[in-house]
Amino acid sequence: MTDSKQDQLKPAGIGAGIAKLFSNQSILLVAVILVLGIFFSIQSGGDFAKVMVFNNILTDWGSIILLAVGQTLVVISGGIDLSVGATVSLSSVVSAFVMMNVFKWDGTITGDAATVPLLVGTLIAVLTGAAVGVVNAILINVAKIVPFIATLATLSAAGGLAIIISGGQPLQGPSNFSLISAFGDPRLNPFSFMIIAVIVVVVIAGLFIHKAKLGLYTYAIGSNTFAARGAGINVERHLTKVYVLSGVFAGLGGMYSYIRLGAGSPTSGSGMELYAIAATVIGGASLMGGVGRILGTVLGTLVLYTVQSGLLMINVSPDWKQIVVAILIAGAVAVQGFKFTSKRSK
């Protein structure tokens with residue numbers, strides 16, 4: 001081969017390498033976050049680059065990533081869970097109600113004295129979320145209702161129960177706001193105890209999804225349910241686990257919201273299902289099932305809240321938030337469709 005021919009091939013090889021690099025969803029999302037960070041920092045006169053802003057982004061991120069992890073598991077299985085937002089509201093309200101009326105722990109219990117009550121409240125919230133997951137599984141596996149309709153029904157029911165139990169008002173129980181305060185100087189350290197706890201939970205969930213049978217079976221069912229049955233997987237039993245786990249993560253999200261507010265609110269999870277689905281889809285999960293990664297979901301959630309915080313920093317009306325989320329969802333689904341078409345054409 002002549003030198004001239006080699007020179008002609010080099011640019012193509014470099015271009016193909018760059019294209020392949022950015023076809024990786026995680027790398028692409030990291031690039032998007034960096035670009036957004038630079039853009040908003042310039043537009044805000046450098047204010048967006050401050051550590052305290054990152055702390056706010058992480059605090060908001062923590063409220064959604066738990067739901068998004070459960071949603072990712074459900075989407076990989078080929079389903080969807082619209083009930084997670086209402087489950088957040090219900091679990092936070094039930095937790096507050098039980099702490100206040102059963103254990104007689106009220107809003108006067110604060111700081112370190114609230115540690116045990118909040119741990120008990122977390123258990124109650126998790127059990128509440130798991131109960132919603134069981135109902136979803138029964139509707140899907142026994143009543144044979146498609147996941148979209150089944151979880152839409154539990155969304156309405158859980159939201160209604162949250163209002164009935166709370167009387168439509170926040171229930172203020174024990175609180176410890178130091179749990180969501182950054183360690184040391186917030187100008188130097190953006191991490192709080194709650195954020196670190198959420199990161200640990202997400203890492204453990206990721207290991208189970210990508211390294212254990214739980215994930216293997218979920219991917220198999222989402223890719224081809226018929227083949228999964230043929231391989232000996234009990235699809236109904238596994239889907240029950242998937243929806244219960246989604247409820248558990250939503251329950252944890254409910255307790256996270258309770259700790260942030262210092263109260264159980266019947267509206268604390270309003271609209272969160274949209275953000276959980278958006279983070280999952282932006283992270284690269286396919287709504288057709290069989291595709292998705294926790295790292296992508298983590299980055300997808302960061303994209304959402306980087307955009308949201310950035311818009312607020314440059315004084316864009318919060319009313320644009322939902323529109324931006326819708327655009328991001330549409331764009332992510334369009335990219336997925338383009339990738340699928342490109343693969344089929346090869």
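The values are calculated or read from the model by the stated rules, or taken from the named source; none is laboratory data. Because the structure is a prediction, the values reported are computed rather than measured. So basically every Cβ, Gly included, is an ideal-geometry build from the backbone, and we count neighbours across all protein chains shown.
In summary, I145 fulfils each of the numbered conditions (1) surrounded by 15 or more Cβ atoms within 10 Å (Cβ to Cβ); (2) assigned to a helix (DSSP H, G or I) with the single exception of condition (2). Any residue at all in the stretch 288-304 that is among the hydroxyl-bearing types (S, T, Y), under 21 Å from V88 (Cα atoms), surrounded by fewer than 24 Cβ atoms within 10 Å (Cβ to Cβ) and at pLDDT 90 or above? No, the stretch 288-304 has no match at all.
Looking only at residues of the stretch 169-206 that are surrounded by fewer than 16 Cβ atoms within 10 Å (Cβ to Cβ) and over 26 Å from G121 (Cα atoms), we find that the one that is modelled with the highest pLDDT is N189. Kindly evaluate Y219 against the criterion of being crowded, with 24+ Cβ neighbours inside 10 Å, in contact (Cβ under 8 Å) with a residue 40 or more places away in the chain, assigned to a helix (DSSP H, G or I) and of a type in the set (F, W, Y). The answer is no for Y219. For the stretch 27-81, filtered to residues that are touching a helix residue (DSSP H, G or I) at 6+ places or on another chain (Cβ under 8 Å) and without any contact (Cβ under 8 Å) to a residue 24 or more places away in the chain, the residue that is farthest from V316 (Cα to Cα) is I27.
Restricting L304, L287, L299, L252 to those that are in a helix (DSSP H, G or I) and either over 14 Å from the mean Cα position of the chain (by Cα) or closer than 24 Å to A131 by Cα (or both) reduces the list to L252. When the test is whether a residue is within 13 Å of the chain's Cα centre (by Cα), under 30 Å from D106 (Cβ atoms) and surrounded by fewer than 24 Cβ atoms within 10 Å (Cβ to Cβ), G271 passes it. Could you look through the stretch 106-142, keep only residues that are of a type in the set (S, T, Y) and in a helix (DSSP H, G or I), and pick out the one that is farthest from S178 (Cα to Cα)? Checked the stretch 106-142; the qualifying residue farthest from S178 (Cα to Cα) is T128. Taking residues in the stretch 247-270 that are within 16 Å of W61 (Cβ to Cβ) and among the aromatic types (F, W, Y), and partners anywhere that are part of a helix (DSSP H, G or I) and at pLDDT below 95, the pairs with Cβ atoms closer than 7 Å and at least 6 places apart or on different chains are Y256/G62; Y256/S63; Y256/M194.
Report yes if G173 is in a loop (DSSP other than H, G, I, E, B), of a type outside the set (S, T, N, Q) and farther than 22 Å from L73 by Cβ, otherwise no. Spelling it out, G173 is indeed in a loop (DSSP other than H, G, I, E, B), of a type outside the set (S, T, N, Q) and farther than 22 Å from L73 by Cβ.
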